[in-house]
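Enquirer: Handing you this structure, nothing more for now.
Computed from the coordinates by the stated procedures, all read-outs in this text should not be read as laboratory data. None of these values were measured; they are calculated from a predicted model. Glycine also receives a Cβ, built like all others from the backbone with ideal geometry; neighbour counts cover every protein chain displayed.
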Amino acid sequence: MRALVTLLIVASLRFAHQEVIDDILESLSKGVHFFEQQSRNMNLDGVVGYVILQAQLQEATKSQTHSDSLNLSQRSIAVSLVKKLDKSMALAVASLQEMDPKYYKEFEPVLSASFWSLPREWISTDPSLAYTSPRSVECYDEQLGDKCMTLLLGTWKDDGTPCIVTKACRDTMTRFGCPHYSLSHQLLYFMIGTMKGCTGMLKGEVRLSRVNITVEHYQRIFCSNMMKSNQEMGINGFNEQTQDIFMENILLCGLAGFSDFYKAAWLQHILAWQDKELGCFGKREDYSHMFEEYLDAPHKRVKRREKTLKDGCSSHTTGVAMSALGGYLNFYLSEQDITKRPLV
């Protein structure tokens with residue numbers, strides 16, 4: 001009798017598991033359709049979100065990896081999405097290269113799906129690592145941050161040496177107490193360095209209190225604080241800006257292997273925020289005057305996170321949401337025992 005009950009519970013969970021995957025694939029299908037329509041208009045941050053999704057879908061469709069996790073219909077949808085992304089991505093990347101050749105060249109490595117590595121094992125955040133008194137304002141300078149990223153990538157000049165870490169970069173990227181986008185970009189810096197194969201990112205650290213802190217420990221500190229931030233946003237409610245950073249935290253910490261960001265309740269938030277007709281995220285109604293600014297200065301670089309497309313959708317928020325959902329998909333598929341999957 002007990003064995004029968006166990007089988008029924010497992011069967012019920014497996015059915016619910018497949019329903020969740022269906023919901024994610026439906027949302028991704030709408031988002032990929034939006035990308036097909038807007039691929040030439042999206043800024044680099046938005047395109048990078050779809051590049052990460054491309055890597056996630058390629059992983060999801062590997063038959064040897066998830067042969068028992070996707071049913072035939074789901075696999076067919078996932079394979080179709082990969083093909084659509086491949087075609088649209090070529091157009092998007094060509095457009096980025098044409099619109100801003102210098103900026104494109106600096107970040108060209110991250111525009112390849114092969115650059116992004118996905119988690120092979122899962123870890124969890126640690127609430128005890130949360131800052132007691134975080135700063136109330138951002139402590140991240142986008143210009144310096146971009147420079148630090150290019151020093152890691154080796155794109156700071158033609159045939160530049162990669163994995164360079166200056167004191168200014170190290171101090172900025174290891175500063176404790178930073179909130180929101182500063183925090184997520186500190187994490188992204190270490191993730192890019194790791195994926196690039198930079199093994200000496202903390203070399204030259206002279207602060208005695210930091211000498212034993214590893215790259216992995218910094219990532220755990222940052223994601224533990226991003227977890228606290230997401231939990232607080234969930235309690236206080238969301239607006240346009242907090243939706244964006246909420247999903248960015250899920251995207252980056254999930255990609256760094258922190259499984260506790262893939263909460264089912266948070267997935268439902270993301271699915272609810274998608275424009276059901278357009279397939280995008282961050283849609284604004286009062287966008288007309290903003291779009292005119294982009295039309296007037298098509299070659300002028302604007303803040304990456306602020307590009308609003310013609311229909312009022314946010315390029316950055318849409319890319320972030322798509323790759324966050326791709327992370328959810330691979331998390332559910334990678335779980336060998338669905339009875340151990342977090343449901344809340």
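Enquirer: Checking a compactness column here: for the range 45-156, what do you get for Rg(Cα) / (2.2 N^0.38 Å), N being the number of residues? Write down the numbers at each step before the final one.
Expert: Values: Rg = 18.3 Å, N = 112, 2.2 N^0.38 = 13.2 Å.
Dividing the Cα Rg of the range 45-156 by 2.2 N^0.38 Å gives 1.39.
Enquirer: Take LYS310 and ILE213, extend 7 Å from each Cα along the Cα→Cβ direction, and tell me the distance between the two endpoints in nm.
Expert: Between LYS310 and ILE213, the label points sit 4.7 nm apart.
Enquirer: Let me ask something else about it. Holding the Cα-Cα limit at 21 Å, pick out from LYS105/LYS283; LYS30/LYS83; LYS84/LYS263; LYS283/LYS310; LYS105/LYS196; LYS102/LYS157 the pairs that are longer than that. Intermediate results must be reported in sequence, preceding the final value.
Expert: Values: LYS105/LYS283 29 Å; LYS30/LYS83 15 Å; LYS84/LYS263 28 Å; LYS283/LYS310 10 Å; LYS105/LYS196 16 Å; LYS102/LYS157 10 Å.
Correct reply: LYS105/LYS283; LYS84/LYS263.
Enquirer: Okay, moving on. Could you state the principal axis extents of the C-alpha atoms in the range 123-256, from the largest down, to the nearest angstrom?
Expert: For the range 123-256, the Cα spread along each principal axis is 47, 33, 27 Å.
Enquirer: Right, another one. Roughly what would the spin-label model give for SER29 and THR166, points 7 Å off Cα along C-beta, in nm?
Expert: The answer from the label model is 4.9 nm.
Enquirer: Can you give the FRET efficiency to the nearest 0.05 for THR199 and ARG120, using r as the Cβ-Cβ distance and R₀ = 25 Å? Don't skip to the end; give the middle numbers.
Expert: Working: r = 18 Å, r/R0 = 0.72.
The pair THR199/ARG120 has a calculated efficiency of 0.90.
Enquirer: How high is the FRET efficiency from GLN97 to LYS147, r the C-beta distance, R0 30 Å, rounded to 0.05?
Expert: Values: r = 20 Å, r/R0 = 0.68.
According to the calculation, E is roughly 0.90.
Enquirer: Assign unit charges at the C-beta atoms only (+1 for Lys and Arg, -1 for Asp and Glu), then state the dipole size of the range 123-256 relative to its Cα centre in Debye, rounded to the nearest 20. Each step should come with its number before you reach the end.
Expert: Values: 12 positive and 14 negative charges, 118 e Å.
For the range 123-256, the charge dipole is close to 560 debye.
Enquirer: Sticking with the crude label model, points 7 Å out along Cα→Cβ, report the distance from ASP158 to LYS62 in nm, one decimal please.
Expert: 3.7
Enquirer: On a full-extension model of 0.36 nm per residue, what is the gain between LYS276 and SER133, subtracting their alpha-carbon distance, rounded to one decimal in nm? Numbers along the way, then the final one.
Expert: Working: separation 143, 0.36 × 143 = 51.48 nm, distance 3.92 nm.
Stretched out fully, the LYS276 to SER133 stretch lengthens by 47.6 nm.
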